[in-house]
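Novice: Pasting in a structure now, in structure tokens, and then I'll have a few things to ask.
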Amino acid sequence: QVQLVESGGGLVQAGGSLRLSCAASGGTFRSYGMGWFRQAPGKEREFVAAISWSGARTYDTGSGKGRFTISRDNAKNTVYLQMNSLTPEDTAVYHCAADQRGAGTSAHKRYDYWGQGTQVTVSS
């Protein structure tokens, strides 16, 4: 059973930065595509970014385009989300997810495993 544990969330002022981490265990991390999604209270889950199994392809057409960067370290079984120029609209619970097919995608239904999430709060 794959387990994903996010960390790195917290309270930050507008314009600040955070780096989220997602540590995987119990599976073959290096073969999974990984994604980040977020969900704010009263809103639907929203795609943020994704990365293929090798890291060769990244998809940043989500809500953090131009400000967020996804990366991975297969030796550490960890995927990261660097978030810069944060705004209050970025406040949400951020979840990482694993895609066993390896591609990484913006479609949340393609993901097989999900973490519990980490709260990001951006104050104005």
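The values are calculated or read from the model by the stated rules, or taken from the named source; none is laboratory data. Not measured: the values here are computed from a predicted model. FYI the Cβ positions are ideal-geometry reconstructions off the backbone, even for glycines, and counts take in every protein chain you see. Side chains included, ligands, DNA and RNA excluded: accessible areas come from the protein's heavy atoms. Shrake-Rupley method; radii C 1.70, N 1.55, O 1.52, S 1.80 Å.
Novice: Could you look through region 48-79, keep only residues that are basic (Lys, Arg) and closer than 19 Å to GLN3 by Cβ, and pick out the one that is most open to solvent (accessible area, probe 1.4 Å)?
Specialist: This residue is LYS76.
Novice: Could you please find all residues in region 1-11 being open to solvent by less than 30 Å² (accessible area, probe 1.4 Å), modelled with pLDDT of 95 or more and under 12 Å from GLY115 (Cα atoms)? Show your work before the answer.
Specialist: Just the residues of region 1-11 that are open to solvent by less than 30 Å² (accessible area, probe 1.4 Å), to begin with: 2, 4, 6, 10.
Still in the list and also modelled with pLDDT of 95 or more: 4, 6, 10.
Correct list: LEU4, GLU6.
Okay, residues lined up against (1) farther than 18 Å from GLY64 by Cα; (2) without any contact (Cβ under 8 Å) to a residue 24 or more places away in the chain; (3) not hydroxyl-bearing (Ser, Thr, Tyr):
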{"residue": "GLN1", "(1), (2), (3)": "yes, no, yes"}
{"residue": "GLY8", "(1), (2), (3)": "no, no, yes"}
{"residue": "GLY27", "(1), (2), (3)": "yes, no, yes"}
{"residue": "GLY42", "(1), (2), (3)": "yes, yes, yes"}
{"residue": "PHE47", "(1), (2), (3)": "no, no, yes"}
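Novice: Mind listing just one residue for me: the one in region 80-90 that is crowded, with 19+ Cβ neighbours inside 10 Å and farther than 19 Å from GLY26 by Cα and, of those, nearest to the chain's Cα centre (by Cα)?
Specialist: Filtering first and then ranking leaves LEU81.
Novice: Right, another one. Name the residues in region 101-122 that are open to solvent by 40 Å² or more (accessible area, probe 1.4 Å), at pLDDT 95 or above and either among the small types (Gly, Ala, Ser) or in a loop (DSSP other than H, G, I, E, B) (or both), would you?
Specialist: Correct list: ASP112, GLN116.
Novice: Now a separate question. Does ALA14 satisfy the criteria of being touching a residue at least 12 places away in the same chain (Cβ under 8 Å), at negative phi and open to solvent by less than 50 Å² (accessible area, probe 1.4 Å)?
Specialist: When the stated conditions are applied, ALA14 does not pass them.
Novice: Could you name every one of the strands (runs of 3 or more DSSP E) located completely within region 1-98 that has at least 1 residues being under 21 Å from LYS109 (Cα atoms)?
Specialist: Counting at least 1 such residues, we get 3-7, 18-25, 33-39, 46-51, 68-73, 78-83.
Novice: Looking at ARG19, ARG30, ARG45 in this structure, which one is among the charged types (D, E, K, R), under 16 Å from ASN84 (Cβ atoms) and open to solvent by 60 Å² or more (accessible area, probe 1.4 Å)?
Specialist: Numbers: ARG30 fails: under 16 Å from ASN84 (Cβ atoms); ARG45 fails: under 16 Å from ASN84 (Cβ atoms).
Answer to the selection: ARG19.
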